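The values are calculated or read from the model by the stated rules, or taken from the named source; none is laboratory data. Here the structure is a predicted model, which means the values were calculated and not measured. Cβ atoms come from the backbone with ideal geometry, glycine included; neighbour counts cover every protein chain shown.
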Amino acid sequence: MSLFQDYETESFYDEMFEANGKPRPHYQKLYTRLSKMSPEEFRKRTLLADKALIQQGITFTVYGDEKGTERPFPFDLIPRIIPAPEWELLERGLKQRLTALNLFLHDIYHDQKILNDGIIPRELVVGAVNFRPQFRYADPPAGIYVHICGSDLIRDADGTYRVLEDNLRTPSGVSYVLESRIILTRTFPTLFSDLAVRPVDHYTTQLLANLRELAPTGREEDPNVVLLTPGVFNSAYFEHSFLAQQLGIELLEGRDLFCDDNIVYMKTTRGPQRVDVIYRRVDDDFLDPLTFRPDSVLGVPGLVNAYRAGNVALANSIGTGIADDKVIYAFVPRIIEYYLGEKALIPNVETYLASNPQDYMYILENLDKLVVKAANESGGYGMLMGHKSTQKEREEFAERIKAEPRNYIAQPLIALSRAPAFVEDRCEGRHIDLRPYLLYGKSGITLIPGALTRVALRKGSYVVNSSQGGGSKDTWVLAEGQTPLTQEMGGMSQTMSATGMSQSFAPFDSPSALQANEGGAQ
């Protein structure tokens, strides 16, 4: 039996197959190799990959789950492939978007010209929960507000890429991009021999270089960079520890830091040590109990004053959450045109604002056909999938919208593109999205040639979040006229050493590795 026997694209845009069932040209070589593999052999490799994920502690947390806090991250071994011309368009479009959003953030925290000109209603910005008036007229290092960005993209029924939302506060998931490449390189090393797959293992090198550039005046030579985490119970704690290890920096909680005379120090056995740059994975509300939530024990008292004084840098900057707001998302095409004088290269999804009287009535009358989202929720929470909702759920959501119309948007249900995923003994189509990662430094914006492809593993589901039953795929960006496999494999060997794997690892499809893993040894 073939992996792709009886595979159906149905009415969706399929990443691997054309409507007539033929593999797309950039998938042909991968399809040929996988077609020679039996479902039983593929299942064995899936089990080996699952063991590696568990042994590496690659997990996530589902809040409110009474059975346990951590689960191995689901990983589908069939990669998603993006050809070079498609990636080039995405790169230009995402850089355009981040450039405009950075200009928008600087404007609303300074002169507010875009509000004065009526491009965006003032009340939608100044009344937003993530607008930080305490940050007015403060200048971040190099004028950069968003140092790490992860925008979510989807592909509609026509194959058109669209931005679904932006993540500009503390975007997560890049650790799965790096680790999934390691796992797939070990599980299917021969797959890489046919295609020129661009490497992703330089992400942390670029990120560290960008963070070091943010050091305060006089501290540029050897800045102390740390990663601030909310702690072990955060859903992304694995990623926090992974990135700190890869970057070679300290992983700290708020209780490990203190401020004195507007300078931040970390506690060590050798006494206080000054901190220059903080890669923070703590939301604004919890950063500083003296400025934001007084009940927070996750942050550092006095951190905001130290930041405003220019004695410490934060990545991402305070106040970026206003550009994360799903209501502001609807205005991003206008923001791009206002600041850059250009049309958006990657379109938005059509969006209705409940704060708009005309849209408000349309939303309430069509809850059964729309996807309704709370403006500042994430992870698949605070959302109504109208086509799968009950009458009771729609009535409850209608009351929420009526109580807080500013807090809700609605979008038509987009027929997300699908890709093959291995389910039990064969491949079936599952809906996917794409989260590329951009790094903004003094030298410009870098888009890592890879991304987090999230996949809705539940049949028929459109929700790709891991907390809602989603998983991930390795994302291959192809390079024309290059063969980066040697570079990829060399980089992976170093990365595995840094993550605790053996330096002299054997690929999973070598006899020694298969015997060792089947025997339960590593």
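One residue stands out in segment 372-406 among those that are touching a residue at least 60 places away in the same chain (Cβ under 8 Å) and over 21 Å from the mean Cα position of the chain (by Cα): the one that is farthest from Ile322 (Cα to Cα), namely Met385.
Restricting attention to segment 237-276, and to residues there that are part of a loop (DSSP other than H, G, I, E, B) and of a type in the set (D, E, K, R), which single residue is nearest to the chain's Cα centre (by Cα)? Step through it out loud before you land on a result.
So the first thing to find is which residues in segment 237-276 are part of a loop (DSSP other than H, G, I, E, B), and the list is 248-249, 253, 261-262, 267-272, 275-276.
The next check asks that each one be of a type in the set (D, E, K, R); those that pass are 253, 261, 267, 270, 276.
On the way: Glu253: 22, Asp261: 36, Lys267: 31, Arg270: 37, Asp276: 26 Å.
Result: Glu253.
The set of residues in segment 256-295 that are surrounded by 14 or more Cβ atoms within 10 Å (Cβ to Cβ), out of contact with any helix residue (DSSP H, G or I) (no Cβ under 8 Å at 6 or more places or on another chain) and of a type in the set (D, E, K, R) comprises Asp256, Arg274, Asp276, Arg280, Asp285.
Hey, does segment 157-170 have a residue that's of a type in the set (S, T, N, Q) and under 17 Å from the mean Cα position of the chain (by Cα)? Walk me through how you get there before you give the answer.
As a first pass, look at segment 157-170 and keep what is of a type in the set (S, T, N, Q): 160, 167, 170.
Now narrow it down to the ones that are under 17 Å from the mean Cα position of the chain (by Cα): 167, 170.
Scanning segment 157-170 turns up at least one residue that is of a type in the set (S, T, N, Q) and under 17 Å from the mean Cα position of the chain (by Cα).
For segment 133-156, the set of residues classified as over 21 Å from the mean Cα position of the chain (by Cα) and of a type in the set (Phe, Trp, Tyr) consists of Phe135, Tyr137, listed by residue number. When segment 371-423 is filtered for residues that are surrounded by 14 or more Cβ atoms within 10 Å (Cβ to Cβ) and aromatic (Phe, Trp, Tyr), the ones remaining, listed by number, are Phe397, Tyr408, Phe422. The set of residues in segment 217-234 being touching a residue at least 60 places away in the same chain (Cβ under 8 Å) and over 17 Å from Asn316 (Cβ atoms) consists of Thr217, Gly231, Phe233.
Only helices (runs of 4 or more DSSP H) wholly contained in segment 319-372 count here; list those with 2 or more residues that are more than 12 Å from Phe104 (Cα to Cα). Working first, answer last.
Working: elements: 326-329, 332-340, 357-365.
Passing ranges, in order: 326-329, 357-365.
For segment 9-21, the tally of residues that are surrounded by 12 or more Cβ atoms within 10 Å (Cβ to Cβ) and either over 29 Å from the mean Cα position of the chain (by Cα) or part of a loop (DSSP other than H, G, I, E, B) (or both) stands at 6.
Could you tell me whether Asn366 is of a type in the set (S, T, N, Q) and free of Cβ contacts under 8 Å to residues at least 12 places away in the same chain? Here the answer is no, as Asn366 does not meet what is asked. When Asn305 is tested against the conditions (1) touching an Asp or Glu at 6+ places or on another chain (Cβ under 9 Å); (2) in a helix (DSSP H, G or I); (3) without any contact (Cβ under 8 Å) to a residue 40 or more places away in the chain; (4) of a type outside the set (Phe, Trp, Tyr), the lone failure is (3). Taking Thr190, is it of a type in the set (Ser, Thr, Tyr) and either in contact with a strand residue (DSSP E or B) (Cβ under 8 Å, 6 or more places away or on another chain) or crowded, with 20+ Cβ neighbours inside 10 Å (or both)? So Thr190 does not fit the description; no. In summary, Arg334 fulfils each of the numbered conditions (1) outside the structural domain of Glu165 (by TED's automatic domain parsing); (2) within 28 Å of Val125 (Cβ to Cβ); (3) out of contact with any Pro (no Cβ under 9 Å at 6 or more places or on another chain); (4) not aliphatic (A, V, I, L, M) with the single exception of condition (1).
Quick test for you: out of Pro333, Pro412, Pro347, Pro420, pick the one residue that is closer than 28 Å to Arg136 by Cα and in contact with a strand residue (DSSP E or B) (Cβ under 7 Å, 6 or more places away or on another chain).
Numbers: Pro412 fails: closer than 28 Å to Arg136 by Cα; Pro347 fails: closer than 28 Å to Arg136 by Cα; Pro420 fails: closer than 28 Å to Arg136 by Cα.
Exactly one of Pro333, Pro412, Pro347, Pro420 is closer than 28 Å to Arg136 by Cα and in contact with a strand residue (DSSP E or B) (Cβ under 7 Å, 6 or more places away or on another chain), namely Pro333.
Scanning segment 94-144 for residues that are part of a helix (DSSP H, G or I) and at positive phi, which turns out surrounded by the most Cβ atoms within 10 Å (Cβ to Cβ)?
Within segment 94-144, the subset part of a helix (DSSP H, G or I) is 94-108, 113-116, 122-126, 133-135, 141-143.
Pick out the ones that are also at positive phi and you get 142-143.
On the way: Ala142: 14, Gly143: 12.
Only one residue tops the list, namely Ala142.
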